[in-house]
Each structure stands twice: as structure tokens, then as C-alpha cells.
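A.B. asks: Below you'll find the structure I mean.
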Amino acid sequence: MDKEVLLSNIDKVHTTEMGIERIKKKLKLDTNDVVEYCKNKVLNKKCNIYKQGKNWYCEIDNIKITINSYSYTIITAHTIH
């Protein structure tokens, strides 16, 4: 898949108030800038980005971030083992 589409639209990536709380809880983050944290993960050269259906999936450092490919909303993020 063409992950360049996601990378070139990284400025559009955002989430909702509920998304912020959900991601903070699931990743046990101690930051309020969850979007910036996720963007940095996505922009990392080692990040495995692929598209399935309507979502982008970004996997790095045992974290999987799900981003809607139409709205660029971060839906969720969780740890993977």
C-alpha cells in the first residue's frame, strides 16, 4: 500500500477527546499530547504502515495505531505482543 498518502497528510492526523483518553489508558501514556506522540511513532522510519479496508495500521515498538484513512482520525492504539 502507498503509505506516502498517510505520511504526506500527517498534519491532518487528529483524534477526539474520547480518543485521547482511550489511547492514554491503553498505552499507559503520561502525556496530554497523544496526537503528537502517535504522529512521531508513525513518522519513525521503522514504523510498519499498511492499509486494510478503511483504516491505516501503524506498528512500531510493540504498539499498533489505527487511523481512519478518510478522516485521519486516530481511532485507537494498543500494545501488541
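The numbers here are math on the coordinates, done by the rules we state, and not lab data. What you are looking at is a predicted structure, and each value in this text was computed from that prediction instead of being measured. Quick reminder, even Gly has a Cβ in these numbers, built from the backbone with ideal geometry, and neighbours come from all protein chains shown.
A.B. asks: Angle between the Cα long axis of helix 34-43 and the longest principal axis of the chain, 0 to 90 degrees, nearest 10?
C.D. replies: 30 degrees
A.B. asks: Suppose only helical runs count, i.e. DSSP H with n ≥ 4. What mean residue ellipticity at 222 nm does that imply for the chain under -39500 (n - 2.57) per run, divided by all residues and rounded to the nearest 500 deg cm²/dmol?
C.D. replies: -9000 deg cm²/dmol, from helical runs alone.
A.B. asks: Run the numbers on the chain and let me know its relative contact order in percent, using alpha-carbon pairs under 8 Å that are six or more apart.
C.D. replies: Rounded, it is 31 percent for the chain.
A.B. asks: Give, as ranges by residue number, the residues of segment 58-81 whose backbone N falls under 15 Å from the point 7 Å along Cα→Cβ of Lys3.
C.D. replies: Output list for this probe position: 58-67.
A.B. asks: Pick from Cys47, Cys38, Cys58 the residue whose mean-square fluctuation is largest in a GNM of the chain, springs joining Cα atoms under 10 Å.
C.D. replies: Cys47
A.B. asks: Here's something else I'd like to know. If you fit an axis through the alpha-carbon atoms of helix 17-27 and take the longest principal axis of the Cα set of the chain, what angle between them do you get, 0 to 90°, nearest 10?
C.D. replies: 80 degrees
A.B. asks: First check a/c for the chain, with a ≥ b ≥ c the square roots of the eigenvalues of its C-alpha gyration tensor; if it is under 1.5, answer rounded, and if not, answer prolate when a/b is larger than b/c or oblate otherwise.
C.D. replies: Prolate, because a/c is 1.5 or more and a/b exceeds b/c.
A.B. asks: Starting with the fewest neighbours, write out Tyr37, Tyr57, Tyr70 ranked by other beta-carbon atoms found within 10 Å of each beta-carbon.
C.D. replies: Ranked by crowding around the Cβ, least crowded first: Tyr70, Tyr57, Tyr37.
A.B. asks: A further question follows. Of Lys3/Lys54; Lys12/Lys51; Lys3/Lys64; Lys25/Lys54; Lys39/Lys64; Lys41/Lys64, which pairs sit farther than 20 Å apart, going by alpha carbon to alpha carbon?
C.D. replies: Those over the limit are Lys25/Lys54.
A.B. asks: About the Cα centre of the chain, how large is the charge dipole given +1 on each Lys and Arg Cβ and -1 on each Asp and Glu Cβ? Please answer in debye to the nearest 20.
C.D. replies: In total the dipole reaches around 240 debye.
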